[in-house]
Amino acid sequence: MRAKEATLTIGAAHGYQSASCRVFRVDNDRNPLSLTTSLAEMHEGQELTITATRGGELTDALHLELGCSAPYRFTSPLVIELPAGKATGKITVKALSDGFPQLDGNVRFTASATDYQSASATVRLLDDDRPALDLVVTPSVVCENGGQIASTAIVSRDRGLEQAVRVRLT
């Protein structure tokens, strides 16, 4: 809640003297705050611009430290500064390309500040570290009476060799 101090003065009239007193106006409404992203979907290694927009009074600067559901996947710090007199502020962050296969997923950025509504924005992050698999069966033609060792299958991948992988052939 914001409190504003003011002086209330009643002027002299009809034989009465003027009078003044200090009053405090308490405002318990929260100012609007929103977050938007420049992309709805992105790959590791790409840059993303996050914009914060505020409503209400612009007299004071606003410092926003953003929350992130996957902070380890982005450059930091996740801070947006909105200078006094300005309704918007931006930062550009980069999704880190870490070399490890991970699932694609949504990443949620959040912002909150005293006297402001909470805000959030979501971006879908696509992983670019999945290895390509290659399957080679030799010989390419197999007789049905060839038995259990009639052919050999080799599965290979182009990266991620330090991690085990399970392949199901059907």
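The values are calculated or read from the model by the stated rules, or taken from the named source; none is laboratory data. Quick caveat, the model's predicted, so the values are computed rather than measured. Positions of Cβ are generated from backbone atoms using ideal geometry, with glycine treated the same way; all protein chains shown enter the neighbour counts. For the accessible areas, the whole protein counts, side chains as well, though only heavy atoms, and no ligand, DNA or RNA atoms are used. Shrake-Rupley method; radii C 1.70, N 1.55, O 1.52, S 1.80 Å.
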Candidates for Rg/Rh (Cα atoms, Kirkwood Rh) are (i) 1.41; (ii) 1.09; (iii) 0.98, and the calculated one carries label (i)
Dipole magnitude of the chain, debye to nearest 20 (Cβ charges: Lys/Arg +1, Asp/Glu -1, about Cα centre):
540 debye
Return the single residue from SER20, SER118, SER76 with maximal mean-square fluctuation; model: Gaussian network over the chain, springs between Cα atoms under 10 Å.
SER20
Percent RCO, i.e. relative contact order, over the range 28-125, from Cα pairs under 8 Å lying at least 6 residues apart
37 percent
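Which net charge results when you count Lys and Arg as +1 and Asp and Glu as -1 among the other residues whose beta-carbon is under 13 Å from that of SER97?
So the surrounding residues net to -2.
Taking only C-alpha pairs under 8 Å that are 6+ residues apart, what is the relative contact order of the chain in percent?
Once divided by the residue count of the chain, the mean separation gives 20 percent.
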Yeah, the range 110-170 with a ≥ b ≥ c from its alpha-carbon gyration tensor (a/c under 1.5 is rounded, else prolate when a/b outruns b/c, oblate otherwise) is prolate
In the range 1-158 the accessible area split gives carbon plus sulfur, as whole percent at 1.4 Å, a share of 52 percent
On the formula 1/(1 + (r/R0)^6), with r taken between the Cβ atoms of THR138 and ARG166 and R0 of 25 Å, the FRET efficiency rounded to 0.05 is 0.70
Förster radius 30 Å - calculated FRET efficiency between ARG159 and THR88 (Cβ-Cβ, nearest 0.05)
0.15
Top mean-square fluctuation among PHE24, PHE74, PHE100, Gaussian network model of the chain, C-alpha springs under 10 Å?
PHE24
Compute a Gaussian network model of the chain, connecting alpha carbons closer than 10 Å, and tell me which residue from VAL136, VAL26, VAL107 fluctuates the most.
VAL136
Test of understanding: given the chain, find the longest segment containing no trypsin sites (Lys or Arg not before Pro) that are in a DSSP loop and have at most 15 other Cβ atoms within 10 Å.
1-85
